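Engineer: Quick one: this structure, given as structure tokens, is what I'll be asking you about.
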Amino acid sequence: MSDIQQILNRLEGHEDDGLLLVTGFDGVLVDYEPDPEEVRLSPARREALAAFIDRPTMSLCIVSGRRASDLKDRVRLGEKAFYVGLHGLEAEGPGFVRIERQIFDRYPTRLHEIA
């Protein structure tokens with residue numbers, strides 16, 4: 001039984017309590033791969049997460065160092081989930097407009113030095 005299915009089973013009878021599940025992407029929802037571009041959420045895990053967020057009081061937030069748009073394409077759960085990219089510099093999800101911190105435009109030299 002998957003870890004997500006175990007969570008769903010424990011939630012039986014607690015739908016009115018509400019729950020926000022915050023998780024990482026690389027190394028948590030998907031295994032690390034030599035080529036990061038090849039990583040995709042498995043159909044079984046996508047189905048389990050979709051079942052979770054289809055419950056009226058359940059919310060899902062996936063955090064990654066990837067761009068939010070890239071994360072959203074890889075997860076493919078649509079507009080029901082929250083996607084936090086670049087370790088918090090970008091965010092999008094249900095009920096609010098996309099947020100993007102403009103740190104890259106403000107500190108290009110410093111960020112280049114760090115990279």
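The values are calculated or read from the model by the stated rules, or taken from the named source; none is laboratory data. Everything numeric in this text was worked out from a predicted model, so none of it was measured. Quick reminder, even Gly has a Cβ in these numbers, built from the backbone with ideal geometry, and neighbours come from all protein chains shown. The protein model used for the area step is the full one, side chains on, heavy atoms only, and it has no ligands, DNA or RNA in it. Shrake-Rupley method; radii C 1.70, N 1.55, O 1.52, S 1.80 Å.
Engineer: May I ask you to list the residues in segment 65-82 that are on the phi > 0 side of the Ramachandran plot and open to solvent by 50 Å² or more (accessible area, probe 1.4 Å)?
Structural biologist: Selection gives Arg76 alone.
Engineer: What number of residues within segment 16-48 are under 18 Å from Tyr83 (Cβ atoms), open to solvent by 80 Å² or more (accessible area, probe 1.4 Å) and within 16 Å of the chain's Cα centre (by Cα)?
Structural biologist: The qualifying residues number 4.
Engineer: Name the single residue that is modelled with the highest pLDDT among those in segment 49-64 being open to solvent by 20 Å² or more (accessible area, probe 1.4 Å) and in a loop (DSSP other than H, G, I, E, B).
Structural biologist: Step by step, filter segment 49-64, then rank; the result is Asp54.
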